[in-house]
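These notes concern the structure reproduced below.
The values are calculated or read from the model by the stated rules, or taken from the named source; none is laboratory data. It should be emphasised that the depicted structure is a prediction, and the values quoted were computed from it without experimental measurement. Here Cβ is always computed from backbone atoms with ideal geometry, including for glycine, and neighbour counts include all displayed protein chains.
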Amino acid sequence: MNIEGLISDLAFILILGAVVTVIFKAIRQPVVLGYIVAGFLASPHFAYIHSVTTISNIDFWAEIGIIVLLFSLGLEFSFKKLVNSGGSAVVTALIIVAGMMGAGFTIGRLMGFNNINSLFLGGMLSMSSTTIIIKAFTDLGLKQKKFASMVLAVLIVEDLFAVVMMVILSSIAINNSVEGSEMLFSVAKLLFFLIIWFLIGVYVLPSLLNRIRPFLNSETLLVVSMGLCLGMAVFSVYCGFSLALGAFVMGSILAGTSLAERIEHVVMPVKDLFGAVFFISVGMMVQPAILQQYWGPILILSCVVIVGMIIFGTTGMLITGQTLKVAIQSGFSLTQIGEFAFIIATLGLSLGVLQPTIYPIVVAVSVITTFTTPYFIKMALPFYNFIERHLPRRLNFLIDRYQNEATREQASGSAWGMMLKKYMWRTALYSIVIIAIMLLSGKFLEPELMRIWPAWGMWLTAAACLVCMAPFIVALLLPPSRVSVNANGQEWTTPKIPRLVLMIARWILAAVFVLIVVFHVVSARVGAYIVAAVVVGLLVLLSRHLKKQMSSLEEKFLNNLNERELRRSGKNNQVVNDLHMAYMTVGTACAFAGQKLMDSNLRRRFGVNVVSIQRASRTIPIPGGNARIYPGDVIGVIGTDEQLERMLPEVEVNLPENDSDTGHDVALTSVMLTEKSPLLGKTPLTAQLRDNYDAIVVAVHRQNEFIDSNPDLVFCTGDIVWLVGDRQRLMALK
């Protein structure tokens, strides 16, 4: 590898990318488009300026970009969010992906592409861009709307579908055919490894990170996070999957930990750097000659994406019981393709099955749909008003009744259904752990023992396998609870017959697992006796002890799974009686940010006690009244459930984000108050400096003395007021 050429190419594309993206920020366009344009300018297809020396150099950096990009997407994903997103998001995402896959495949065949290329095209057209949608919602101030939360839930599910799709498409491409058995095996293998990684990761990583938390400053946390990301990526390849899949899984596991926000913060610069290189490499694939030749298919595919996403997104939301307004707004928000389309296209090229002409076509479609996304989001409400006025009254009545019935059913919730779901999940998870133990024993332990003791190797392997499986088999056999709780919090006694059915099913499943191990070394008849003896022995000798141990294991797993939310709300930090400790991150728009603890009146307003302040890697235990609270601090608070719930929204409130707003310059500045000053006779509270000037008072210089800011301080002529805020708005105050 030519190191000098590698660095020179990287330097060239980054400098060019910096210039182009600054221009795009100035004209208020998405930065991703700027990267794509910069890539086109840096490619050999644009002959008016110098181009990169070796395309493979950029491919090397782009591969790292894909890994870091998917790791960052995983940090925003989290399996907990997937569970909380509910059936509505899953069904909607499934309808969108299936519908767009079918539409893309059909259009591909009509354009003359073969089956595999058409499948890849359908996959590229079925994934909306999380980055572009979040950016559009932020710019338009819509992130707090109900439809926005529904769209983000759909995007979370689509991310998981995209990972599954990459594995399926890889299997199809390698076999050069669409075989149902191969596809099912690939999906089953993926789900198996996903659940195993998830179980081990959730059980081990949060506890490990909490143990080393005092030693994790920003530098160390970055090294640990990227080490885990790359380690899982390499392990994923060893298991037969891609680097990108491993990075995504590790990100999703870390997303549920209490360090998730800090990890996102320290990884952000790395993601921005290598993500920029990846999108620039995408732009280098744009070929003007191909765009000119295929301008018709580009426009057709753009229309297919826009119309298809609106139809399938709206339909999915309506089917899951959302209102017509929310459904239309959701459908109009999903009208683009983005990062996963490029990743799937890169996968097809790396496997040698994708026609090179498809890549620039998809890039052009992405550019067009990205430009139009904000306009379609704005069009959603007028379109809904038009539909509502012209929709037949009978049809409108049916939609409203369907939505009301769906909401009522969801709210009532069958206790039997909830219990069945709970135990299906427990059975599935324990079964996968047992299967993993069997596979590991057969792949690693048996060959080694057979080499050492050829006569006894199989027997020893079976014995060791049964011993390792025993806790999980007993947990599988534990009887279900007689009492369930429905969605309204009401206790409901499970009927005897369903409990008996569940018990028999789990006994049969446990027996099958033991039989598989035993039949490997003995005959069926002897094996049946051994199985019966093993099961009875486990139940008699170990059930009570193991029940306690497995309950403890399950509790630790659930606590780790919910650690981020539990740490935030404090529900597991019991102190005394109904008091417990919670950790809250002070938001940028917190009303008492910058104040001393004694001036914030937290105890008087909420009845809580602040017992710690964590600022970066520094922790202030039992802070005094003179300690100040700043945005970004993590404060430890002791209080009751009700007190903490009232306090949390006021602490973690943030100013609206607006990446495209480049006109603000926050600085510390001083203002001398004259007789004409609008602040005279007012206090920092009554002057409403935060609302009127985006500023807060730090101190007041009066008669050669600095006075700390407090809400009751009255401004006088001659005061020099020191403020932090937007420099341009403070000029008006001066």
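What to note about this one:
- Residue among Ala136, Ala93 that is buried (at least 17 other Cβ atoms within 10 Å of the Cβ), modelled with pLDDT under 80 and in a helix (DSSP H, G or I): Ala136
- Scope the range 96-116; condition in a helix (DSSP H, G or I) and buried (at least 19 other Cβ atoms within 10 Å of the Cβ); matching residues: Ile96, Val97, Gly99, Met100, Met101, Ala103, Gly104, Phe105, Ile107, Gly108, Ile116
- Within the range 205-257, the set of residues being of a type in the set (Val, Ile, Thr) and in a helix (DSSP H, G or I) comprises Thr220, Val223, Val224, Val234, Val237, Val249, Ile253.
- Qualifying residues in the range 705-734 (those that are aliphatic (A, V, I, L, M) and part of a loop (DSSP other than H, G, I, E, B)) - the one modelled with the highest pLDDT: Val714
- Filter result (closer than 12 Å to Pro631 by Cβ and in a helix (DSSP H, G or I)) within the range 581-603: none
- So Gly180, is it loosely packed, with under 15 Cβ neighbours inside 10 Å, modelled with pLDDT under 80 and under 25 Å from the mean Cα position of the chain (by Cα): no
- Among residues of the range 1-52 being over 21 Å from Thr346 (Cβ atoms) and of a type in the set (S, T, N, Q), the one that is surrounded by the fewest Cβ atoms within 10 Å (Cβ to Cβ) is Asn2.
- Qualifying residue in the range 345-364 (condition: closer than 21 Å to Pro30 by Cα and of a type in the set (S, T, N, Q)): no
- Of all residues in the range 227-242 being at pLDDT 80 or above and surrounded by 19 or more Cβ atoms within 10 Å (Cβ to Cβ), the one that is farthest from the chain's Cα centre (by Cα): Ser236
- Matching residues in the range 235-278 - criterion: being aromatic (Phe, Trp, Tyr) and over 22 Å from Tyr35 (Cβ atoms): Phe235, Tyr238, Phe241
- Qualifying residue in the range 50-63 (condition: β-branched (Val, Ile, Thr), touching a residue at least 60 places away in the same chain (Cβ under 8 Å) and either touching a Cys at 6+ places or on another chain (Cβ under 6 Å) or more than 26 Å from Ile132 (Cα to Cα) (or both)): yes
- Gly17 closer than 14 Å to Gly275 by Cβ, part of a helix (DSSP H, G or I), free of Cβ contacts under 8 Å to residues at least 40 places away in the same chain and not acidic (Asp, Glu): no
- Single match in Phe185, Phe193 (criterion: modelled with pLDDT under 80 and under 25 Å from Ile64 (Cα atoms)): Phe193
- All of Gly636, Gly632 fail the test of being modelled with pLDDT of 75 or more, surrounded by 18 or more Cβ atoms within 10 Å (Cβ to Cβ) and small (Gly, Ala, Ser), apart from Gly636.
- Verdict on Glu657 being modelled with pLDDT under 85, out of contact with any Ser or Thr (no Cβ under 8 Å at 6 or more places or on another chain) and outside the structural domain of Trp722 (by TED's automatic domain parsing): no
- Pairs with Cβ under 6 Å, 6+ apart, first in the range 433-459 and at negative phi, second in a helix (DSSP H, G or I) and small (Gly, Ala, Ser): Leu449/Gly457; Met450/Gly457
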